[in-house]
Each structure stands twice: as C-alpha cells, then as structure tokens.
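Down below is the structure, laid out as structure tokens.
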Amino acid sequence: MKSRVRSQLPSMIVAGLLLVQAMIGVTGALAAEQVAIQASVEGNGVVINATAIVNAPYNVIWQTLTDYDHLSDFVPGMDHSQVIGRHGTAVTVQQSGHAGLSFLRYPINVVVESDEHPPSAITIRVLSGNLRRLTGGYTLAAVPGQPHQFVLSWNGLIEPEIALPDFIAVPVLKSNIEDQFLAMVREIERKAALHVSVFVEK
C-alpha cells in the first residue's frame with residue numbers, strides 16, 4: 001500500500017470546489033469522448049486532472065466559473081457557497097456540503113481562496129477547514145479555428161484529513177471531482193444555450 005489519504009473534497013470549487021458521483025446524463029454538445037479525468041496518488045494526497053471541450057462564449061464560461069454565490073445551485077454535494085471577502089484578484093469563499101460515494105459520506109466545511117487571472121486561469125487553495133490541502137485550479141484555452149469552443153481543465157491536489165487507503169481514496173475522489181466538473185460543464189452549456197436563444201429572439 002502506498003500513501004494513505006485523509007478525507008473528501010467539496011468541488012470545486014470551484015473549484016472548486018471543488019465533488020461527487022459519475023458521468024451521467026451529459027447533455028447538449030458535450031460527448032463522452034470530449035471528457036478526460038485522471039487520478040493518481042502523490043504523497044498523502046490525490047492528484048486530479050480533468051479536461052473537457054466546452055461549447056460556449058467566453059463570457060458565459062468565465063461568469064459561471066466565478067459565480068461563487070450560486071455554485072450550490074448546480075454543484076452536487078455542495079449545500080452552501082458564499083463570498084465573504086474580496087481583495088484585488090483574490091476572492092474568499094466559504095463553502096459547506098458533503099462528499100463521498102455510496103456509504104462513504106463526510107461533511108465538508110472549508111474556506112477557500114479563488115485567485116482570478118482572466119482570461120485563462122483561476123487558482124484555488126484552501127485557507128481553513130477540514131481539508132488538509134487543496135491546491136489547483138481551472139485553465140481555459142480557446143480551440144483554434146472554433147469560435148465559442150474552449151478547452152476547460154481542472155488540475156489539483158487534494159489531501160483530506162481522514163486517513164483512507166489508496167484503493168478507496170482514489171476512486172472516491174475521482175468520482176466526486178468528475179461529477180462536480182461535469183456539473184460545471186453542463187451549467188456552462190445550459191447558460192450558453194439560453195444566451196443563444198435570447199440572441200436569436202432579438
């Protein structure tokens with residue numbers, strides 16, 4: 001057995017927070033082959049890399065990623081998300097909820113800092129709460145020759161507090177991040193469809 005890992009994460013936030021079940025019911029233009037999620041053990045944490053092709057205008061993507069006060073409306077497992085401070089490009093967000101898979105469920109209470117670097121990156125780190133470590137963030141890159149199509153990626157390291165063996169921690173955290181990441185993509189594309197509908201009506 002390699003390292004042992006200690007708890008579960010809230011998504012995403014956005015990142016972050018960050019978390020929660022499987023790749024079910026992906027709608028719109030998002031196809032299964034356009035999503036890739038990998039997980040691996042690093043020290044006492046789990047590294048998660050997630051990437052998807054998103055079909056939406058840039059402003060819709062950025063607004064959804066940074067709409068911290070409404071993340072709990074569509075991110076699975078997140079019950080509360082509220083901005084409690086802003087300083088320059090950094091936004092402090094308080095989040096609570098639960099994470100887990102099947103019978104493994106844990107309450108999550110964290111304060112995270114989201115540092116915004118438009119147009120291409122948002123970095124996230126935990127400031128306090130019941131995650132030992134959370135570092136990572138989103139990156140956004142335009143697809144050449146494809147208007148309103150972007151590569152959205154989440155890359156981060158999660159180290160929970162409660163020790164779990166790798167064969168449990170890796171699939172649970174991977175499933176949680178996957179569900180939250182896909183929920184973010186679905187919400188972006190839902191808003192993009194509404195945006196197009198309003199534009200056509202005008």
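Computed values, structure above
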quantity	calculated
Filter result (among the aliphatic types (A, V, I, L, M) and loosely packed, with under 13 Cβ neighbours inside 10 Å) within segment 74-89	84
Residue in segment 17-37 that is surrounded by 14 or more Cβ atoms within 10 Å (Cβ to Cβ), modelled with pLDDT of 90 or more, more than 26 Å from residue 130 (Cα to Cα) and out of contact with any helix residue (DSSP H, G or I) (no Cβ under 7 Å at 6 or more places or on another chain) present	no
Residue within segment 166-187 that is of a type in the set (A, V, I, L, M), outside any helix (DSSP H, G or I) and farther than 21 Å from residue 42 by Cα present	no
Close pairs (6 angstrom Cβ cut-off, 6 or more residues apart or separate chains): under 19 Å from residue 68 (Cα atoms) in segment 119-147, modelled with pLDDT under 95 and not in a strand (DSSP E or B) anywhere	124/13; 124/15; 124/16
Residue count, segment 166-177 (criterion: crowded, with 23+ Cβ neighbours inside 10 Å, under 16 Å from the mean Cα position of the chain (by Cα) and either at positive phi or not β-branched (Val, Ile, Thr) (or both))	2
Residue ID - modelled with the lowest pLDDT, chosen from residues in segment 52-83 that are in contact with a strand residue (DSSP E or B) (Cβ under 7 Å, 6 or more places away or on another chain) and more than 24 Å from residue 120 (Cα to Cα)	77
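The values are calculated or read from the model by the stated rules, or taken from the named source; none is laboratory data. Bear in mind that the values here come from a model prediction, so they are computed numbers and not experimental data. When we count neighbours, we look across all protein chains shown, and the Cβ atoms used for this are built from the backbone with ideal geometry, even at glycine.
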